[in-house]
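These notes are about the structure you will find just below.
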Amino acid sequence: MLSGCAQAYCLKRSRQRRTVALSVQKTGLVVYAPWAVPLEKIEQIIHSKADWVRKKLTLCVARVEPSWLDGMRLWFKGEALELRLLNRVNTGVWLGDKVLWVPQREGVPVQHSVSRWYQEQAMVHYAERVRQFFPHLKRRPDRLKLTSARTRWGSCTSAGAVRINWRLVQASDAEVDYVLAHELAHLTYLNHSGQFWREVARLYPDYMVPRAKLKVMGSHYLSNFG
């Protein structure tokens, strides 16, 4: 029940789970719960989180999927681009004067062509940006890779593998540098302790401003490209 109204949800039980978790997705509310938790208890939890669930459901309904049409606005390295579609098929995607030219190929969605170009550019861009940190690192990353995660900007493993979300290439250099500094700091501290944040500040003293900007723009970057 949400404010006296019944709320449909998908219940997924697992013997491995120990707690109840709520997730609002495009298909609606999904509840993950251990088999031992009774249905009455689950619905009490949903009711206690009513405001959060309602807010998330409203955002899902309001979110408009990108229309991949000629003239659409895109973001790349913190600047607005215009998408222009070409009838020619004997050329690749290319950028010129803040216009992204994309050939239309039969059977190939425009979104696919654009996403592939963004991923290619992201790998090159991140490799360039990460080099500025090398002289200051206590430990260099073993490798730098892309990730397509929908809920996080990057990750770092104990083996030294750093992964950065390719969608972040839409953001400014300052935002990219913050995420890089964040993940590179995990090479020394694989947690979010005070020591970790001091390491982030050492690597990128002005990280607070781009961090705040990314919190504002992040959902927009992540929602693009489906």
ask   = Which one is nearest to ALA171 (Cα to Cα) among residues in region 67-94 that are small (Gly, Ala, Ser), modelled with pLDDT of 90 or more and touching a strand residue (DSSP E or B) at 6+ places or on another chain (Cβ under 8 Å)?
value = ALA80
request  = Inspect all residues belonging to region 144-157 and state whether any of them is within 28 Å of HIS220 (Cα to Cα), assigned to a helix (DSSP H, G or I), among the basic types (Lys, Arg) and in contact (Cβ under 8 Å) with a residue 12 or more places away in the chain.
outcome  = no
query = Out of the residues in region 27-43 that are loosely packed, with under 14 Cβ neighbours inside 10 Å and in a loop (DSSP other than H, G, I, E, B), which is modelled with the lowest pLDDT?
reply = THR27
task = Would you point out the residue of region 155-201, among those that are closer than 30 Å to SER115 by Cβ and among the basic types (Lys, Arg), that is surrounded by the fewest Cβ atoms within 10 Å (Cβ to Cβ)?
result = ARG163
message = Taking the conditions exactly as written (touching an Asp or Glu at 6+ places or on another chain (Cβ under 9 Å), hydrophobic (A, V, I, L, M, F, W, C) and in a helix (DSSP H, G or I)), does LEU222 satisfy them or not?
response = no
task = Search region 95-147 for residues being at positive phi and not acidic (Asp, Glu), and hand back the single one that is modelled with the highest pLDDT.
result = LYS98
key: Residue in region 172-219 that is nearest to HIS136 (Cα to Cα), counting only those that are among the hydroxyl-bearing types (Ser, Thr, Tyr) and outside any loop (DSSP other than H, G, I, E, B)   = TYR178
message = Against the definition (exposed (fewer than 12 other Cβ atoms within 10 Å of the Cβ), of a type in the set (D, E, K, R), under 30 Å from GLN25 (Cα atoms) and at pLDDT below 95), how does ARG150 come out, yes or no?
response = yes
request  = Determine, yes or no, whether ARG139 is part of a loop (DSSP other than H, G, I, E, B), farther than 30 Å from TRP101 by Cβ and of a type in the set (D, E, K, R).
outcome  = yes
inquiry  = For region 145-194, which positions are in contact with a helix residue (DSSP H, G or I) (Cβ under 6 Å, 6 or more places away or on another chain), under 19 Å from PRO210 (Cβ atoms) and polar (S, T, N, Q)?
reply    = GLN170
task = Select, from ALA122, ALA127, the only residue that is free of Cβ contacts under 8 Å to residues at least 60 places away in the same chain, aliphatic (A, V, I, L, M) and surrounded by 15 or more Cβ atoms within 10 Å (Cβ to Cβ).
result = ALA122
remark   = Condition set among the hydrophobic types (A, V, I, L, M, F, W, C) and under 7 Å from PRO103 (Cα atoms), scope region 78-92, selection farthest from the chain's Cα centre (by Cα): answer is VAL89
task = Just give me the residues in region 88-115 being part of a loop (DSSP other than H, G, I, E, B) and exposed (fewer than 14 other Cβ atoms within 10 Å of the Cβ), in sequence order.
result = ARG88, VAL89, ASN90, THR91, GLY92, ASP97, LYS98, GLU106, GLY107, PRO109
task = All but one of (1) among the hydrophobic types (A, V, I, L, M, F, W, C); (2) loosely packed, with under 13 Cβ neighbours inside 10 Å; (3) modelled with pLDDT under 90 hold for VAL24, so report the exception by its number.
result = (2)
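The values are calculated or read from the model by the stated rules, or taken from the named source; none is laboratory data. On a predicted model such as this, the values are computed, not experimentally measured, just so you know. Cβ atoms come from the backbone with ideal geometry, glycine included; neighbour counts cover every protein chain shown.
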